[in-house]
Each structure stands twice: as C-alpha cells, then as structure tokens.
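Read the structure below first, then the notes.
The values are calculated or read from the model by the stated rules, or taken from the named source; none is laboratory data. Since the structure is predicted, the reported quantities are computational estimates derived from the model, not experimental observations. Cβ sites come from the backbone with ideal geometry, for glycine too, and all protein chains shown count toward neighbours.
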C-alpha cells in the first residue's frame with residue numbers, strides 16, 4: 001500500500017506500524033516527532049499505530065549542530 005512520507009510516496013507492507021516505518025528510515029532510536037494526517041502520534045503508541053493507504057506522514061528528527 002502507498003503512504004506519503006515527508007511529501008514522497010512510499011510503498012509499505014499491509015499492517016505496517018509507525019515503529020516499522022521508523023526502522024526503515026533508521027530513526028527508531030532518534031529523537032523524532034511523528035505526525036499523521038495533521039495529528040501528532042504519541043511515542044508510546046508507535047508499536048500499535050497502524051498505517052493505512054493514503055496516510056500523510058511527517059517525520060521530523062532533530063540534528064545537533066551550530
């Protein structure tokens with residue numbers, strides 16, 4: 001199924017979760033904010049939060065620098 005991640009179409013397996021998507025991007029251990037269809041997804045729900053076709057997902061991670 002297709003979802004939109006940070007403006008790009010991405011095909012994921014049916015039944016994929018937020019944590020699975022973060023693993024695919026290598027972000028599961030980073031400080032990340034996940035937004036789906038305009039709503040922030042609490043970190044404690046990432047393992048249970050399933051994805052559905054057409055969802056618009058924004059992944060924002062923080063990078064240190066100066």
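When residue 65 is tested against the conditions (1) surrounded by fewer than 10 Cβ atoms within 10 Å (Cβ to Cβ); (2) assigned to a helix (DSSP H, G or I), the lone failure is (2).
Between 26, 54, 15, the distinction of being assigned to a loop (DSSP other than H, G, I, E, B) and in contact (Cβ under 8 Å) with a residue 40 or more places away in the chain belongs to 54 only. Looking at this structure, is residue 33 in contact (Cβ under 8 Å) with a residue 24 or more places away in the chain, buried (at least 16 other Cβ atoms within 10 Å of the Cβ) and within 9 Å of the chain's Cα centre (by Cα)? Considered against the rule, which asks whether it is in contact (Cβ under 8 Å) with a residue 24 or more places away in the chain, buried (at least 16 other Cβ atoms within 10 Å of the Cβ) and within 9 Å of the chain's Cα centre (by Cα), residue 33 comes out as no.
May I ask you to list the residues in segment 29-46 that are in contact with a strand residue (DSSP E or B) (Cβ under 8 Å, 6 or more places away or on another chain), part of a loop (DSSP other than H, G, I, E, B) and modelled with pLDDT of 95 or more? Once the filter is applied, which keeps residues that are in contact with a strand residue (DSSP E or B) (Cβ under 8 Å, 6 or more places away or on another chain), part of a loop (DSSP other than H, G, I, E, B) and modelled with pLDDT of 95 or more, segment 29-46 yields 37, 38, 41, 46.
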